[in-house]
Amino acid sequence: MDPAELRELLSAEGLRLLDSLPPYESTADVVSLVSGLRKAGHPAGLVAAVLSQAKLRARAVRKFGPFAERMLFTEAGLEQATRLSAAAQHAGRFHRAGLSWIADLGCGIGADALAMAALELEVTAVERDEVTAAVAAYNLAPWSNARVENADAEDFDLAGVDGVFLDPARRNASKRLTNPADWSPSLDFAFEVAAKLPTGIKLGPGIDRELIPQSAEAQWVSVDREVVEVGLWFGAVARPGIHRAALVLGSHGTAELTAEADSEDVEVGALGEYLYEPDGAVIRARLIGDLARQLKGRMISDSIAYVTADSATSSPFAACFRVLDNFSLDKRVLKRELAARGIGTVEIKKRGVDIDPAELRTALSPHGDAEGTLILTRVQGRRRALLVERV
Ligand SMILES: C[S@@+](CC[C@H](N)C(=O)[O-])C[C@H]1O[C@@H](n2cnc3c(N)ncnc32)[C@H](O)[C@@H]1O
């Protein structure tokens with residue numbers, strides 16, 4: 001979105017038009033919608049701006065639920081925005097630490113700042129990009145305790161600020177940036193701030209662990225089983241004695257595993273009646289050992305993130321499967337066994353074996369009314385296919 005398009009959108013006519021549109025659904029609707037709006041006399045530029053905004057709002061429901069329909073977005077801003085459930089967790093840290101004035105340095109469209117404002121923190125949200133800053137200002141307008149500055153975060157005067165949040169941009173227009181010096185604001189700048197003030201830094205979950213300072217609390221977060229970020233927390237917004245955490249947010253609610261350090265592994269052992277697939281946040285946080293102990297389990301193989309046990313324990317940190325059968329990983333065997341059970345719909349999961357599930361499914365040409373799940377992996381080092389059912 002360029003500044004001119006944004007100006008059109010932010011006009012009284014633009015906002016009224018946007019709020020009057022039906023939910024954005026299919027391309028067919030859009031064609032008739034555009035011609036209807038044009039016939040009603042709205043200028044082409046405005047119609048285009050309003051429709052692309054309606055489309056972004058529809059996409060944003062996944063991250064912001066019903067709040068999306070009261071917000072504005074840019075394409076990149078929505079892509080990079082923190083989901084509301086995770087933003088609420090960030091804001092909660094500053095709130096619990098009793099801090100009042102928070103600077104969100106590189107606020108994007110303002111998702112984190114919004115969650116902070118909702119907890120009645122004083123928020124100054126700083127954004128370098130003019131259009132993004134204007135969008136953040138619109139999103140934060142209902143909150144008198146929040147304001148947006150269109151400025152460079154690195155020039156912002158932190159005197160009097162109690163805490164800082166940074167979510168550096170880690171991609172440019174075309175690609176993901178792997179060098180932390182290229183992130184913006186840079187990781188070095190973020191760490192300099194963290195040395196002075198209680199600070200939270202949101203980063204990609206796959207960050208090189210060597211970059212994580214010893215003093216930080218590193219918390220990996222998954223939302224509905226997708227690992228979305230690692231948060232590095234410093235000072236009063238970090239928790240004493242915790243350096244590794246896996247926070248699992250989902251329909252079950254909120255659950256967390258915490259530890260002082262990476263957990264000790266448990267031994268590899270014989271395949272039991274149950275197999276657990278740990279949540280990605282637990283895997284990234286290297287807390288599988290602690291989880292396996294909770295589940296009274298053992299590892300299925302060296303360096304494979306499946307836990308096996310003799311009993312089923314319900315856990316928010318892992319999906320649990322009952323092992324129904326255990327075959328050698330051989331196409332002919334699998335084809336025969338699926339056919340014998342009338343399994344025509346197969347979910348194929350794999351870990352630790354170099355097989356393309358889609359290719360294997362085609363090769364198995366399954367048919368029948370039954371459904372089944374195959375887990376392709378190594379059991380105590382040997383390549384096996386496990387027929388399982390979800391518990
Ligand atoms: C990942 S996004 C932030 C997303 C935000 N936390 C949210 O949930 O909506 C990073 C933002 O930082 C902005 N940015 C990058 N470098 C900056 C700088 N030096 N000063 C201010 N803003 C900057 C980018 O324009 C981008 O909008």
*Might you let me know whether the range 32-50 holds any residue that is outside the structural domain of residue 110 (by TED's automatic domain parsing), in a helix (DSSP H, G or I), buried (at least 18 other Cβ atoms within 10 Å of the Cβ) and not aliphatic (A, V, I, L, M)?*
no
*Mind listing whichever residues of the range 121-172 are away from the ligand (no atom under 11 Å from the Cβ) and basic (Lys, Arg)?*
147
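Can you tell me which of 175, 202 is closer than 23 Å to residue 75 by Cα and at pLDDT 95 or above?
Numbers: 175 fails: at pLDDT 95 or above.
Only one candidate passes the filter, namely 202.
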_So, residue 56, is that one touching a helix residue (DSSP H, G or I) at 6+ places or on another chain (Cβ under 8 Å), of a type outside the set (Val, Ile, Thr) and more than 26 Å from residue 171 (Cα to Cα) or not?_
no
*Looking at 92, 108, which is the one that is near the ligand (Cβ under 8 Å from one of its atoms) and either over 22 Å from the mean Cα position of the chain (by Cα) or under 19 Å from residue 231 (Cα atoms) (or both)?*
108
_Answer residue from the range 14-31, given it is touching a helix residue (DSSP H, G or I) at 6+ places or on another chain (Cβ under 6 Å) and of a type in the set (A, V, I, L, M, F, W, C) and is surrounded by the most Cβ atoms within 10 Å (Cβ to Cβ) among those_ = 17
*Report whether or not residue 271 is within 30 Å of residue 365 (Cβ to Cβ) and among the hydrophobic types (A, V, I, L, M, F, W, C).*
yes
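Let's see how each residue does on (1) at positive phi; (2) β-branched (Val, Ile, Thr); (3) under 32 Å from the mean Cα position of the chain (by Cα):
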| site | (1), (2), (3) |
| --- | --- |
| 346 | no, yes, yes |
| 350 | no, no, yes |
| 370 | no, no, no |
| 384 | no, no, yes |
| 388 | no, yes, yes |
_When you scan the range 243-256, do you find a residue that is at pLDDT 95 or above and closer than 20 Å to residue 190 by Cα, even just one?_
yes
*Among the residues of the range 69-89, how many are more than 11 Å from the ligand (Cβ to nearest atom) and either in contact with a Ser or Thr (Cβ under 9 Å, 6 or more places away or on another chain) or modelled with pLDDT of 95 or more (or both)?*
5
*What strands (runs of 3 or more DSSP E) lie completely within the range 272-355 and have 2 or more residues being of a type in the set (Val, Ile, Thr)?*
307-309, 343-350
_Test result for residue 55, in contact with a Lys or Arg (Cβ under 9 Å, 6 or more places away or on another chain), of a type in the set (D, E, K, R) and touching a residue at least 24 places away in the same chain (Cβ under 8 Å)_ = no
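The values are calculated or read from the model by the stated rules, or taken from the named source; none is laboratory data. If you're wondering where the values come from, they're calculated on a predicted model, not measured in any experiment. Positions of Cβ are generated from backbone atoms using ideal geometry, with glycine treated the same way; all protein chains shown enter the neighbour counts.
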